[in-house]
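Peer 1: Right, I'll just put the structure down here and ask away after.
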Amino acid sequence: MKPMKKLYLLLLTGLLASSLPAQETKTGWNFGALPAVTYSTDQGFQYGALVNLFDYGDGSIYPDYFHRIYVEASTFTKGSSILRVMYDSDYLIKGIRYAVDLSYMPDFAYDFYGFNGFGSVYNSDWTDDELNSPPYRSRLFYAMKRHLFRFKNDFIGNIGENNWHWNAGLSIQQFKPGVLDVTKFNKGKDEDDPKYLQDVPTLFEYYTGAGIISEEEADGGWITGIKGGISYDTRDQRACPMNGIWAETGIEVVPEFLGSESTFGKFYLTWRQYFTLKEDDLSFAYRLGYQQTLFGDVPFYYQGQIIVSELRGATSEGLGGSKNLRGILRNRVVGNGIAYANAELRWKMVRFRFINQNFYLGTNYFVDAGMVTDQVDVDRTAFSSYLQAHHPGELIGNYLTEDKDTPHVAAGLGLKIAMNENFIISADIGKALKEQDGSMEFYIGLNYLF
């Protein structure tokens with residue numbers, strides 16, 4: 001079943017049940033489970049399942065919970081997968097909120113558009129297989145292989161009796177980038193098939209060939225990050241706050257002696273604020289974020305990571321994509337320094353009881369924006385020399401500009417189905433306002449963006 005059809009059926013179920021009694025306090029363990037069934041041309045069918053378990057105990061803190069366990073196991077017929085287990089609780093360690101994430105995510109078509117936002121050119125004709133060749137090259141010209149193993153631990157503790165907290169974290173990650181495996185995507189296709197991929201160099205191969213990405217970095221490596229900071233949190237509820245502030249700032253340091261290719265550090269700052277416009281039903285939320293490399297050389301495969309006090313989904317990277325700039329191509333905006341903003345109106349339209357659980361149906365309307373504030377150093381001379389030697393006749397202007405980045409903006413709307421306030425099925429559609437950022441993007445996942 002296609003994702004959109006599945007979503008419509010869920011919405012119809014909710015509307016038919018809207019005459020049932022109002023919500024009640026939940027106790028004990030409750031869970032939401034969904035089949036993971038989607039399809040894409042490049043990754044094939046996705047099949048698997050996800051389960052979200054919540055322990056509400058005696059119900060005294062509902063809609064907050066005592067413990068949460070999230071498990072996802074899904075795979076695509078072309079080989080990409082998400083294998084993830086996550087746990088978080090304020091009650092496992094006295095006085096400390098603890099979240100642990102263990103994931104393995106092989107991705108055989110990971111987006112790579114270069115660095116510095118509009119400093120790198122995106123040519124949609126090169127990926128449009130409806131066009132005759134040329135200008136078409138490969139629908140996966142802006143793709144590479146990227147496998148990720150992640151073991152992430154986050155700790156949040158109180159500072160005194162107020163709303164201030166300290167944050168700490170230890171993450172161990174292995175990034176394994178590589179050249180796109182064309183044979184995997186051509187499996188079962190004839191050479192006359194319009195979807196058959198020609199074995200042409202991808203943008204990632206241009207960057208490695210020119211030495212913009214060194215041979216050492218192109219092989220990937222381990223990143224062991226140590227994070228520390230402070231946060232301020234007055235949210236009335238975590239899953240979809242109606243009022244309050246959630247702000248955090250800190251520094252992550254990755255030392256070379258713990259296995260990484262180099263020592264570097266990054267600063268991060270995020271401010272989120274929530275306003276009630278109509279009690280229980282309508283709210284406005286916005287998020288401002290900034291991240292800057294403080295010292296050292298950051299491997300290219302880590303530049304896109306967005307540092308947060310704790311994960312709210314399977315990934316936290318970009319800018320561009322479902323977790324930050326909805327409607328902008330995934331990983332379109334990558335730099336040594338980045339800034340981003342999201343503004344969102346949230347309306348919980350209908351509340352109802354179904355299968356002995358509390359539900360609501362909601363919509364959200366948003367504008368997202370972001371840009372590079374500090375560029376990655378790209379050697380234009382080396383790139384020009386590579387083109388002359390290996391692709392004579394090609395112009396550097398087809399790949400790089402000398403322009404500084406300007407804001408990347410997208411707008412859109414979404415639908416939400418929430419069970420017991422915390423298990424939230426999300427569907428968002430976003431439209432980029434500039435052709436260099438793509439066109440229309442559609443996402444189905446879990447939770448509000450922030």
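The values are calculated or read from the model by the stated rules, or taken from the named source; none is laboratory data. What you see is a predicted model, and the numbers here were worked out from it, not measured in a lab. Here the Cβ is made from the backbone with ideal geometry for all residues, glycine too, and neighbour counts use every protein chain on show. These area figures cover heavy atoms from the full protein model, side chains too; ligands, DNA and RNA do not enter into them. Shrake-Rupley method; radii C 1.70, N 1.55, O 1.52, S 1.80 Å.
Peer 1: Which numbered condition in (1) touching a residue at least 12 places away in the same chain (Cβ under 8 Å); (2) in contact with a Leu (Cβ under 9 Å, 6 or more places away or on another chain); (3) more than 26 Å from Trp166 (Cβ to Cβ) is the only one that Gly250 fails?
Peer 2: Just one mismatch for Gly250, condition (3).
Peer 1: Is there any pair linking a residue in segment 190-217 that is on the phi < 0 side of the Ramachandran plot to one that is part of a helix (DSSP H, G or I) and hydrophobic (A, V, I, L, M, F, W, C), with Cβ under 6 Å and at least six apart or on different chains, and which?
Peer 2: Listed by first residue and then by second, the contacts come to Leu197/Val182; Leu197/Phe185; Asp199/Val182; Thr208/Ala218; Ala210/Ala382; Ala210/Phe383; Ile213/Phe300; Glu217/Phe300.
Peer 1: Here's something else I'd like to know. Among the residues of segment 221-239, are any basic (Lys, Arg) and modelled with pLDDT of 95 or more?
Peer 2: yes
Peer 1: Residue by residue through segment 423-434, note down the ones that are under 24 Å from Phe118 (Cβ atoms), over 16 Å from the mean Cα position of the chain (by Cα) and either of a type in the set (A, V, I, L, M, F, W, C) or modelled with pLDDT under 95 (or both).
Peer 2: Ala432, Leu433
Peer 1: Only one residue in Leu269, Leu294, Leu258, Leu311 is farther than 30 Å from Tyr360 by Cα, among the hydrophobic types (A, V, I, L, M, F, W, C) and at pLDDT below 95. Which one?
Peer 2: One residue alone meets the criteria, Leu258.
Peer 1: Also, quick follow-up: Scanning segment 284-312 for residues that are surrounded by 21 or more Cβ atoms within 10 Å (Cβ to Cβ) and among the small types (Gly, Ala, Ser), which turns out nearest to Ile245 (Cα to Cα)?
Peer 2: Among those that are surrounded by 21 or more Cβ atoms within 10 Å (Cβ to Cβ) and among the small types (Gly, Ala, Ser), it is Ala285.
Peer 1: Go through Lys404, Lys416 for me and flag whichever is open to solvent by 10 Å² or more (accessible area, probe 1.4 Å) and of a type in the set (Lys, Arg). Reasoning before the result, please.
Peer 2: Details: Lys416 fails: open to solvent by 10 Å² or more (accessible area, probe 1.4 Å).
After ruling out the rest, the residue left standing is Lys404.
Peer 1: Among the residues of segment 140-183, which ones are assigned to a strand (DSSP E or B) and among the charged types (D, E, K, R)?
Peer 2: Lys145, Arg146, Arg150, Lys152, Asp154, Lys176
Peer 1: Now for a different question. Exactly one of (1) in contact (Cβ under 8 Å) with a residue 60 or more places away in the chain; (2) buried (at least 19 other Cβ atoms within 10 Å of the Cβ); (3) under 18 Å from the mean Cα position of the chain (by Cα) is unmet by Ser120. Its number?
Peer 2: Just one mismatch for Ser120, condition (3).
Peer 1: Identify, please: which residue in segment 301-319 is among the hydroxyl-bearing types (Ser, Thr, Tyr) and closer than 23 Å to Val71 by Cα and is, among those, farthest from the chain's Cα centre (by Cα)?
Peer 2: Ser309
Peer 1: Does segment 68-119 hold any residues that are charged (D, E, K, R), under 22 Å from Pro35 (Cα atoms) and in contact with a His (Cβ under 9 Å, 6 or more places away or on another chain), and which are they?
Peer 2: Of everything in segment 68-119, just one residue is charged (D, E, K, R), under 22 Å from Pro35 (Cα atoms) and in contact with a His (Cβ under 9 Å, 6 or more places away or on another chain), namely Asp107.
Peer 1: Take Arg146 and tell me if it is closer than 23 Å to Gly313 by Cβ and of a type outside the set (Asp, Glu).
Peer 2: Spelling it out, Arg146 is indeed closer than 23 Å to Gly313 by Cβ and of a type outside the set (Asp, Glu).
Peer 1: Which residue is nearest to Ala418 (Cα to Cα), if the candidates are limited to segment 326-352 and must be basic (Lys, Arg) and under 15 Å from the mean Cα position of the chain (by Cα)?
Peer 2: Looking at residues that are basic (Lys, Arg) and under 15 Å from the mean Cα position of the chain (by Cα), I get Arg326.
Peer 1: Identify all residues within segment 299-312 that are among the β-branched types (Val, Ile, Thr) and in contact (Cβ under 8 Å) with a residue 40 or more places away in the chain; write none if there are none.
Peer 2: Taking segment 299-312 and keeping what is among the β-branched types (Val, Ile, Thr), we get 306-308.
Correct list: Ile307, Val308.
Peer 1: Could you tell me whether Ser89 is in a strand (DSSP E or B), without any contact (Cβ under 8 Å) to a residue 40 or more places away in the chain and under 25 Å from Ile159 (Cβ atoms)? Walk me through how you get there before you give the answer.
Peer 2: On the way: in a strand (DSSP E or B): yes; without any contact (Cβ under 8 Å) to a residue 40 or more places away in the chain: yes; under 25 Å from Ile159 (Cβ atoms): yes.
Considered against the rule, which asks whether it is in a strand (DSSP E or B), without any contact (Cβ under 8 Å) to a residue 40 or more places away in the chain and under 25 Å from Ile159 (Cβ atoms), Ser89 comes out as yes.
Peer 1: Please go through segment 193-233 and give me each residue that is more than 15 Å from Arg146 (Cα to Cα), touching a strand residue (DSSP E or B) at 6+ places or on another chain (Cβ under 8 Å) and open to solvent by less than 50 Å² (accessible area, probe 1.4 Å), ordered by number.
Peer 2: Thr224, Gly225, Lys227, Gly228, Gly229, Ser231, Asp233
Peer 1: Just need a number here: residues in segment 240-261 that are open to solvent by less than 50 Å² (accessible area, probe 1.4 Å), outside any strand (DSSP E or B) and in contact with a Phe, Trp or Tyr (Cβ under 7 Å, 6 or more places away or on another chain).
Peer 2: 5
Peer 1: Could you say whether any residue in segment 203-224 is of a type in the set (Val, Ile, Thr), part of a loop (DSSP other than H, G, I, E, B) and under 30 Å from Phe141 (Cβ atoms)?
Peer 2: The answer is yes; a qualifying residue exists.
Peer 1: Could you grab me the full set of residues in segment 48-67 that are part of a strand (DSSP E or B), modelled with pLDDT of 90 or more and crowded, with 19+ Cβ neighbours inside 10 Å?
Peer 2: Selection gives Phe54 alone.
Peer 1: Kindly establish whether Phe264 is of a type in the set (Phe, Trp, Tyr), open to solvent by less than 50 Å² (accessible area, probe 1.4 Å) and free of Cβ contacts under 8 Å to residues at least 40 places away in the same chain.
Peer 2: Numbers: of a type in the set (Phe, Trp, Tyr): yes; open to solvent by less than 50 Å² (accessible area, probe 1.4 Å): yes; free of Cβ contacts under 8 Å to residues at least 40 places away in the same chain: yes.
When the stated conditions are applied, Phe264 passes them.
Peer 1: Further question: So which pairs qualify, if the first residue must be in segment 383-401 and open to solvent by less than 40 Å² (accessible area, probe 1.4 Å), the second must be among the charged types (D, E, K, R), the Cβ gap must be under 8 Å, and the two must be at least 6 apart or on different chains?
Peer 2: Leu387/Glu394; Ile396/Arg380; Leu400/Arg380
Peer 1: A further question follows. Kindly indicate whether Leu9 is at pLDDT below 90 and buried (at least 17 other Cβ atoms within 10 Å of the Cβ). Can you show your working first?
Peer 2: On the way: at pLDDT below 90: yes; buried (at least 17 other Cβ atoms within 10 Å of the Cβ): no.
Against the criterion (at pLDDT below 90 and buried (at least 17 other Cβ atoms within 10 Å of the Cβ)), Leu9 does not qualify.
Peer 1: Scan Val372, Val409 and give me the residue that is farther than 22 Å from Ala210 by Cα, in contact with a helix residue (DSSP H, G or I) (Cβ under 7 Å, 6 or more places away or on another chain) and not acidic (Asp, Glu).
Peer 2: After ruling out the rest, the residue left standing is Val372.
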